[in-house]
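So the structure is just underneath, and the comments pick up after that.
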Amino acid sequence: MILNAIKLDLRFHYEHQRALLGYLRDERTLRRQDWVMLSDAVDVLGDSVVIVDGKEQKFRQFYSELIDARYADPFLARLVTLTDAEEEGRRAQAAVAQEIGRLLDGAEGFSRDNNDCRLLLVYCLYWWAAFARGYIFEVIIFRDLAASGLQFVAHDLTRREERFASYDLLLLGLRGDIKHTTYFLTADRLSLLDSDFFITRWYIGREWPRVAILRETAWAVLSLPPCDDQRRMATLGEVALILPGASVFLIDSLALTALGYDQWKQRVLMLQLAGDETSDE
Amino acid sequence: MSEETIQDLTTEDFNQLIDDFVAREDDRIEPSIFLTAMAELERARAVREVELTGRVVNGEIIFDTPAPLLVEPNTLYVGDTKVTLKLRLVA
């Protein structure tokens, strides 16, 4: 592979570089405006151009064609066979990240002394981490749901076409997505998702408790006596204080309910068992 | 956050930064901070309307280029989202 040139998007500037370095070093040091800058930096880098073997493509296309196409399916095929998806999955994720580094290092014209090349590597590793962490969490949740006795239909993430399905699982007739972080909870991203509920993690202090986030359609199915509609209105900051209890918060004008994952599972189980009894009669 | 950028790092420091990032667990950020930041970003973002034109050739949608978004046959990219079009013909 010959890396002929990199043309950073002209919108990429000093503050972007600063936010990226701050994030890579320690994301906890980022202030609110730094997160805005980081998000913009990743977007702008995605629009930057790399010319490889004479072919001009944007960073995001380069990632899709060279990194995702080469590493994603083998990683997932291995991930689903691991006994400890979390620990072994993280090691597999890190091994692929090292491999991505070696792949770029091996390209003629690539040098870690060059800032543009560094940014291409950072872009690829940023998205690889997001991809791998997301699927590790998904496998962990699928296994936990099965171990808890919930009935659900999950997409087969080793099949590429199923991986790109618009939802990850079906349960009680509701479509669900498993999200490794709450980054999807923005009005823009939610507008692209049509799932009824999401399983995610809500960072509080030094912990990441698992949380179910429900649209009103899903809450209507899950609200059961005696806990019918026991929800408190909350700001985003207050959700963490109420968890694992249920709270309603707004993203733009969209009402969402946050509920502890274990509490959500109990409600689902109750409904599924009640449904089984009804069908047995 | 320091005033340094990735460019300012020695190659050795950059390699160490990458090694540490690869080994790092997950992003430690409280949703209220991140999501408030993103809400600000979304509000500040101007509404942009673009028009994609193209033709259907052998069942594939071929967009006219240059296009205002990155496009491929049956595919377009909007921000970090790859949109793959799978349309059905209905008589």
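Throughout, read-outs are computed from the coordinates displayed, never taken from laboratory work. Bear in mind that the values here come from a model prediction, so they are computed numbers and not experimental data. Methodologically, a virtual Cβ is constructed for each residue, glycine included, from the backbone with ideal geometry; neighbour enumeration extends over all protein chains shown.
Over all directions, average the projected area of the Cα convex hull of chain A and note it in nm². Please report the intermediate quantities before stating the final value.
Numbers: hull surface 66.2 nm².
Over every viewing direction, the Cα hull of chain A projects on average to 16.5 nm².
Give me the dipole magnitude in Debye, nearest 20, for the protein assembly as shown about the Cα centre, with unit charges on the beta carbon: positive for Lys and Arg, negative for Asp and Glu. Walk me through the numbers before you get to the answer.
Details: 42 positive and 62 negative charges, 59 e Å.
Its charge dipole is roughly 280 debye.
Rounded to the nearest 500, what is the 222 nm mean residue ellipticity of chain A from helices alone, with -39500 (n - 2.57) per DSSP H run of 4+ residues and division by all residues?
That calculation yields -15000 deg cm²/dmol at 222 nm.
Label the range A:150-280 by shape, choosing from rounded, prolate and oblate, from the square roots a ≥ b ≥ c of the eigenvalues of the Cα gyration tensor; if a/c is under 1.5 it is rounded, and otherwise prolate applies when a/b is larger than b/c, oblate when it is not. Don't jump to the answer; show the numbers that get you there.
Details: a/c = 1.67, a/b = 1.08, b/c = 1.55.
Here the range A:150-280 falls in the oblate category.
First obtain the Kirkwood hydrodynamic radius of the range A:103-147 from its Cα pairs, then insert it into the Stokes-Einstein equation at 25 °C and 0.890 mPa s, and state the resulting D in µm² per second as a whole number.
In µm²/s, the coefficient is 195.
What trypsin sites (Lys or Arg not before Pro) does the range B:57-91 have in DSSP loop regions with at most 15 other beta carbons within 10 Å? Could you put the intermediate results ahead of the total?
Details: sites: B:Lys82, B:Lys86, B:Arg88; in loops: B:Lys86, B:Arg88.
Answer in residue order: B:Lys86, B:Arg88.
Compute the long axis of helix A:14-25 from its Cα atoms, compare it with the longest principal axis of the Cα atoms of chain A, and write down the angle in degrees, 0 to 90, nearest 10.
Long axis of A:14-25 versus the principal axis of chain A: about 60 degrees.
Please work out, to two decimal places, the log10 of the ratio I(q)/I(0) at q = 0.14, 0.16 Å⁻¹ from a Debye calculation in which every Cα of the range A:1-145 carries one identical scatterer.
For the requested q values the scattering log ratios are -0.73, -0.91.
A:Lys265: which aspartates and glutamates have alpha carbons under 19 Å from its alpha carbon, excluding same-chain residues fewer than 8 sequence positions away?
A:Glu138, A:Asp144, A:Asp168, A:Asp177, A:Asp196, A:Glu216, A:Asp228, A:Asp229, A:Asp276, A:Glu277
Using a 10 Å cut-off on Cβ to Cβ distances, tally the other chain neighbours for every residue of B:9-18 and report the average as a whole number.
Other-chain Cβ atoms within 10 Å of each residue's Cβ, averaged: 4.
Longest segment of chain A with no chymotrypsin sites (Phe, Trp or Tyr not before Pro) in a DSSP loop having at most 16 other Cβ atoms within 10 Å?
With a cap of 16 other Cβ atoms within 10 Å, the longest stretch comes to A:1-151.
Note the angle between two axes, namely the Cα long axis of helix A:261-280 and the longest principal axis of the Cα atoms of chain A, as a number of degrees from 0 to 90, rounded to the nearest 10.
That helix lies at roughly 50 degrees to the long axis.
Roughly what angle does helix A:32-47 make with the longest principal axis of chain A, taking Cα atoms, 0 to 90 degrees, to the nearest 10?
60
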